[in-house]
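Worksheet: one structure, shown below.
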Amino acid sequence: QVQVMESGGGLVQPGGSLTLSCAASGNLMLIYDMAWYRQAPGKQRELVASITASRRTKYADFVNGRFNISRETAKNAVYLQLKNLQPEDAAIYYCWAEIGATWNIRDKKPYWGQGTQVIVSA
């Protein structure tokens, strides 16, 4: 069994910061690409940032230098540092990861976390 779980969400004032964490657990051998998505009420889920196995990163235009995605291989974890948060950043943030239970790349499958909520309010 493989599980992906986020943590670190909460309430922050405009201009504040949060660090989101995501850890994979269970019967896994390799983690390939990882990403953070978010979904605000009434809107579609959108990609915030991604990071490949070789640590190449990509950010959505709205990030505008405020966020940083990183990963810690030994902990099967990916992080999203959020800075200068604004009300429009409020959403449920989801972790996504391609995980292989074996060393065979053909065995990799996508997994979603259940989300962690970020609230930005004065």
Quiz item: So which residues in region 74-122 are touching a helix residue (DSSP H, G or I) at 6+ places or on another chain (Cβ under 8 Å) and under 14 Å from residue 7 (Cα atoms), if there are any at all?
Solution: 82, 118
Quiz item: So residue 8 clears everything in (1) out of contact with any Gly (no Cβ under 9 Å at 6 or more places or on another chain); (2) touching a residue at least 60 places away in the same chain (Cβ under 8 Å); (3) farther than 26 Å from residue 88 by Cα; (4) surrounded by 14 or more Cβ atoms within 10 Å (Cβ to Cβ) except one condition, right? Which one?
Solution: (3)
Exercise. Please specify each residue of region 85-115 satisfying the condition of being over 20 Å from residue 48 (Cα atoms) and either open to solvent by 30 Å² or more (accessible area, probe 1.4 Å) or among the polar types (S, T, N, Q) (or both).
Key: 101, 102, 103, 104, 105, 106, 107, 108, 109
Self-check item: Listing of strands (runs of 3 or more DSSP E) fully contained in region 72-122 that carry 2 or more residues being closer than 14 Å to residue 40 by Cα
Solution: 91-100, 116-120
Self-check item: Single residue of region 26-59 satisfying the filter (in contact (Cβ under 8 Å) with a residue 24 or more places away in the chain, more than 25 Å from residue 101 (Cβ to Cβ) and small (Gly, Ala, Ser)) that is surrounded by the most Cβ atoms within 10 Å (Cβ to Cβ)
Solution: 49
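The values are calculated or read from the model by the stated rules, or taken from the named source; none is laboratory data. Small disclaimer: the values here were computed from a predicted structure and weren't measured. Don't worry about glycine lacking a Cβ; one is built from the backbone with ideal geometry, like all the others, and counts go over all protein chains shown. Accessible surface is based on the protein model in full, side chains and every heavy atom, while ligands, DNA and RNA are left aside. Shrake-Rupley method; radii C 1.70, N 1.55, O 1.52, S 1.80 Å.
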